[in-house]
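Scroll down for the structure; my scribbles are underneath it.
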Amino acid sequence: MTLFQILMLGASAFFAYKIYEHIQTLNDPVENVSEPSRTAESFSTSDSASLVEKADDEVVAGNLDKALAIYSEANIKEPKNGETLFKMAFTLGLQERNEEALEYYKDALEVDAKNPFSHLEMAYIYLKDDEHASARTHLNEALELDPDLEKATVELEKLNAGI
């Protein structure tokens with residue numbers, strides 16, 4: 001394959017994913033007009049908490065695209081839920097979609113400014129992107145919110161070193 005063909009394949013896959021993601025958020029049309037008006041919530045029998053649980057299961061199973069679609073549905077049902085926004089960001093980070101992940105982490109921090117894990121994950125992304133000043137800022141913020149994170153990091157380093 002030529003480089004152009006590889007690029008076209010990648011672009012096609014990206015747009016196919018975006019279409020799939022959009023389709024997952026659509027609702028079925030109302031069949032009978034004489035019935036009372038339905039809201040978007042009445043189409044799905046699941047509440048946002050059970051949707052988040054389903055999405056968590058999909059993440060564990062490795063179905064990240066499906067998990068994101070389910071998290072998106074949960075976010076529509078209950079907008080500005082810090083847990084949902086954090087989990088969407090984390091899943092995007094697993095897919096190396098760092099810019100999108102950072103946006104969702106920022107949204108999660110707007111809802112729950114005291115979540116050290118949002119700061120910790122943002123620091124990790126900034127570190128991978130060689131933005132050391134931003135990484136240090138968010139790491140310090142995470143440690144300020146939860147000093148026990150530093151102890152956990154030291155313990156993890158000991159385990160990795162075999163001490």
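Here are some residues: Ala142, Ala108. Which one is within 18 Å of Ala55 (Cβ to Cβ) and small (Gly, Ala, Ser)? Spell out the reasoning first.
Numbers: Ala142 fails: within 18 Å of Ala55 (Cβ to Cβ).
Just a single option satisfies the conditions, and that option is Ala108.
Give the residues of segment 132-145 that are surrounded by 17 or more Cβ atoms within 10 Å (Cβ to Cβ) and not aliphatic (A, V, I, L, M), sorted by residue number.
Residues satisfying the conditions are His138, Glu141.
Computed from the coordinates by the stated procedures, all read-outs in this text should not be read as laboratory data. Bear in mind the structure is a predicted one, so any value in this text is a computation, not a measurement. FYI the Cβ positions are ideal-geometry reconstructions off the backbone, even for glycines, and counts take in every protein chain you see.
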